[in-house]
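Have a look at the structure below before the remarks.
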């Protein structure tokens, strides 16, 4: 009896939470800042080891005002947009071809798995040596980072298309193009977009790795600059900007996913 | 009449275009590779660009920043022509078959030392026995400087523990993660002192003379474009001299190249510049001094096993391009 009563009491609260679940990320961010501030007060570390949230905020306003933030953020954004575009297109094309040819998939599998097992940070210096420290090498590193997750998802997506539907399309004498655009692409889209979601966040890592190795622009450069000048607040600003970029990209892909998969009424985002 | 007028106009246009000063249109673009990110320590280049020393040589310079070892590979393979590299990188690259050559010494000596908090009581190398020494890793100038100092002062590798801490020497020392750290003389000691920490510094140069940063090119550029190498070297040396003689102006110029010089960071960076100038080579070294430093450097690398065989030192540096 008491248990039922308790449940009755908590039930409406959960309903409210569920209705206003957008509050949860904000709450967790506020909690994080609170813990950070407490640690800053308790540990009494110098600002170049752990700056307070207020110091980081002041630094952010400073670099926002003098243009340093936008100049570097926009460069990283350019790198990862190009990397994301090239990586996704290349992975989708190869994924489609591999899904059609088991022989080719088997032939290339050692390279595909191998490319994923090598951390991009290990090969980034080589790419800088081969292609120079300019924009191209950063875009390439970024494209390589997202290539495999997108490729695997395209492969899975293509393989998941129902055989019955394929046969139906064939019986209707559908051309290869019609098969792709009317059946395979829409059917594989959920998985493909799932891969793109992972790729979007990974692309930020790819761009930063390249910039940390050699760059005079971008958020990775801003991290190096802050470290070189022992301006740890600037390093924090750059790191939070990275998180902001990754979250924004993730949000954009999620938005596209919702728009593109509207027809899948059972799907909850 | 109209035809005559047009002909005259054409002749006049051609004549005027021929009279244009050549220097403005014929600057040759070159790239010079520097390490890490823009920093006041690279101010001789900023000065040489802004004061027109490169332009006077018919050059337009692009500065590129990156990892020293990667840049050496680019210059050694003749994908790039010029860079700043430390003496040990020149020797190590040579042994790997990358024919790079130092054409101008920038630093008088090796700019590395060991710093410890005053309260630790570490004042001389023998005090490092049984201590933890932090350094970025077992590579590069910091590691070589540490090993050179230990070798010269009779310390054995079992006497101390080297701890790889990345480029976090200041943080590691202050938080007492390690007892001492290997530092760049012009940078970390300034950062520590400016933040109120009392420290003792043991400079490698007080125990052994080694080759610090140099302007480096490759054999191909030397053989095929000696005039270009001469021009770059001349402008660079002029930049060093001018920067050292005009530190205030150098500071002003550097601010165009180094970002984030705020009220908080600028005073410290100004001190870094002043300390850097003290390390630069402003008078030409004698042939003997130079040979001694290169020979010491090679011996250190042989002793710690980074080099397997001695090489002909005449092939790793040259004075023929100095102004």
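Defining a contact as two alpha carbons under 8 Å apart and six or more residues distant in sequence, what relative contact order in percent does chain B show?
Computed over chain B, the figure is 27 percent.
Return the average number of partner chain Cβ atoms within 10 angstrom of each residue Cβ along peptide B:31-41.
3
Give the angle, between 0 and 90 degrees and rounded to the nearest 10, that separates the Cα long axis of helix B:140-152 from the longest principal axis of the Cα atoms of chain B.
40
Apply the Kirkwood formula to region A:76-121: the hydrodynamic radius equals the inverse of the mean of 1/r over all pairs of different alpha-carbon atoms; give it in Å with one decimal.
12.0
GNM on chain A, C-alpha springs below 10 Å: top fluctuator among A:36, A:69, A:177?
Among A:36, A:69, A:177, the largest GNM mean-square fluctuation belongs to A:177.
Take B:227, A:231, B:283 and order them by how many other Cβ atoms sit within 10 Å, fewest up front.
B:283, B:227, A:231
Could you tell me the center-to-center distance, by alpha carbons, between region B:135-152 and region B:215-264 in angstrom?
Comparing the Cα centres of region B:135-152 and region B:215-264, I get a distance of 27 Å.
Determine, at each q value in 0.11 (inverse angstroms), the log₁₀ of I(q)/I(0) that the Debye formula gives when each Cα of chain A is one equal point scatterer.
-0.81
Taking square-rooted eigenvalues a ≥ b ≥ c of the alpha carbon gyration tensor, is region B:88-225 rounded, prolate or oblate, where a/c under 1.5 means rounded and, failing that, a/b exceeding b/c means prolate?
Judged from the Cα gyration tensor, region B:88-225 comes out prolate (a/c at least 1.5, a/b above b/c).
What share of Cα pairs, in percent, lie more than 31 angstrom apart in chain B?
37
So, R0 is 56 Å and r is the distance between the beta-carbons of residue A:185 and residue B:138; what FRET efficiency does that work out to, to 0.05?
That pair, residue A:185 with residue B:138, gives E of 0.60.
What's the average, rounded to a whole number, of partner chain beta-carbon atoms within 10 Å of each residue's beta-carbon in A:228-236?
6
Counting other beta carbons within 10 Å of each Cβ, put B:286, B:175 in order, fewest first.
The order, fewest Cβ neighbours first, is B:286, B:175.
Can you pull the mean other chain C-beta count within 10 Å for peptide B:256-264?
Across B:256-264, the average partner-chain Cβ count within 10 Å equals 5.
Pop out the Kirkwood hydrodynamic radius of the protein assembly as shown from its pairwise C-alpha distances, inverse of mean 1/r, in Å to one decimal.
Over the protein assembly as shown, the inverse of the mean reciprocal pair distance is 28.1 Å.
Order of A:31, A:140, A:104 from fewest to most other C-beta atoms within 10 Å?
Lowest count first: A:31, A:104, A:140.
Only Cα pairs within less than 10 Å get springs; with that Gaussian network setup on chain A, which residue of A:101, A:76, A:232 has the largest fluctuation?
A:101
Taking chain B as a Gaussian network, where each spring joins two C-alpha atoms under 10 Å apart, which residue of B:134, B:196, B:52 fluctuates the most?
B:196
What angle, in degrees between 0 and 90 and rounded to the nearest 10, separates the Cα long axis of helix B:287-303 from the longest principal axis of the Cα atoms of chain B?
In chain B, helix B:287-303 runs at an angle near 50 degrees to the longest axis.
For helix B:266-279, what angle does its Cα long axis make with the longest principal axis of chain B, in degrees from 0 to 90 and rounded to 10?
90
Given the Cα atoms of region B:196-263, and with Rh set as the inverse mean 1/r over their pairs in the Kirkwood sense, what is Rg to Rh to two decimals?
Checking Rg against Rh, the ratio lands at 1.11.
When the helices in chain A are scored as -39500 (n - 2.57) per DSSP H run of 4 or longer and the sum is shared across all residues, what 222 nm value do you end up with, to the nearest 500 deg cm²/dmol?
Computed mean residue ellipticity for chain A: -27500 deg cm²/dmol.
Calculate for chain B the 222 nm mean residue ellipticity that helices alone would give, adding -39,500 (n - 2.57) per DSSP H run of length 4 or more and normalising by residue count, nearest 500 deg cm²/dmol.
For chain B, the value works out to -13500 deg cm²/dmol.
Every number here is computed from the coordinates shown, using simple stated rules; none is lab data. Remember, predicted model here, so these are calculated numbers, not experimental data. Reconstructed Cβ throughout: ideal geometry from the backbone, glycine too, with neighbour counts over all protein chains shown.
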